[in-house]
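Report on the structure given below.
Taken together, the values in this text are just the output of simple stated rules run on the coordinates, not laboratory data. As the structure is a prediction and not an experimental result, all values here were calculated from the model. Methodologically, a virtual Cβ is constructed for each residue, glycine included, from the backbone with ideal geometry; neighbour enumeration extends over all protein chains shown.
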Amino acid sequence: MQQLPCSDLFTDGSYRNNGITNDFRFDKGRQEISLQETDIGKFKVPTLRNVEYTAPYMHNGSLSTLEEVLDHYTNGMKPSETIDAVFHKNDGSLGIDLTEEEKKNLIAFLKTLSDQEFINNKNFSEY
């Protein structure tokens, strides 16, 4: 099977800490492989293709809906030394400022990345 470029999968293939946890005692993320302290809490950025069908979300399955994911990014991020710089706001807090309308629009956009034909194609089914 041909591997699609990262852009076709809507991911950059990087490893990032998105603040889902700040307790790394049992799950250190990429650091378990790289052995680099700077990789603690970093996990691979997943594809956004068919994201509406891939719940639960986050590396640990802690979020059940896309709404919960966006709530996490607006007001649920946990600070740690390796959290990705993109989440640091000018006032020192963490997150992405999104209104309820922006969240609704973002979820509608994410659902446009769904491919019903692929999901229902028996050639890609285990059954």
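Please find the FRET efficiency linking E101 to F124, where r is the Cβ-Cβ separation and R0 is fixed at 35 Å, and quote it to the nearest 0.05.
According to the calculation, E is roughly 0.50.
Rounded to the nearest 500, what is the chain's calculated 222 nm mean residue ellipticity when only DSSP H runs of at least 4 contribute -39500 (n - 2.57) each, over all residues?
On the way: 5 runs with 34 residues, N = 127.
-6500 deg cm²/dmol, from helical runs alone.
Rounded, prolate or oblate: which fits the chain, taking a ≥ b ≥ c as square roots of the Cα gyration tensor eigenvalues, rounded meaning a/c under 1.5, else prolate when a/b beats b/c?
Here the chain falls in the oblate category.
Taking only Cα atoms, what is the 0 to 90° angle, nearest 10, from helix 100-111's long axis to the longest principal axis of the chain?
Relative to the chain, helix 100-111 is tipped by roughly 40 degrees.
Suppose a student asked you for the relative contact order of region 5-103, using Cα pairs under 8 Å spaced at least 6 residues apart; what percent would you report?
About 28 percent, as a whole number.
Of the GluC sites (Glu not before Pro) in region 35-127, which ones lie in a loop per DSSP and count no more than 12 other C-beta atoms within 10 Å?
Sparse-neighbourhood loop GluC sites (Glu not before Pro): E81, E126.
For S64, what is the net charge nearby, where nearby means another residue's Cβ is under 13 Å from its Cβ and Lys, Arg count +1, Asp, Glu -1?
-4
Which trypsin sites (Lys or Arg not before Pro) in region 55-127 pass both tests, a DSSP loop state and at most 12 other beta-carbon atoms within 10 Å?
Counting only loop positions with at most 12 other Cβ atoms within 10 Å, the trypsin sites (Lys or Arg not before Pro) in region 55-127 are K89.
How large are Rg and Dmax for region 27-85 when calculated on the C-alpha trace, in angstrom?
Computed over the Cα atoms of region 27-85, radius of gyration and Dmax are 12.7, 34 Å.
Can you tell me how much longer the chain between Q116 and D71 gets when fully stretched, taken as 0.36 nm per residue apart minus their C-alpha distance, in nm with one decimal?
Gain on extension, Q116 to D71, equals 13.6 nm.
Over 24 Å between C-alpha atoms is what I'm after, so list which of K44/K111; K78/K103; K78/K111; K44/K78; K42/K89; K28/K104 land there. Display every interim value, and only then the final one.
Values: K44/K111 21 Å; K78/K103 20 Å; K78/K111 27 Å; K44/K78 18 Å; K42/K89 19 Å; K28/K104 32 Å.
Exceeds cut-off: K78/K111; K28/K104.
Out of L66, F87, S34, whose Cα points farthest toward the positive end of the dipole of the chain (charges: +1 Lys, Arg; -1 Asp, Glu; placed on Cβ)?
Farthest towards the positive end: S34.
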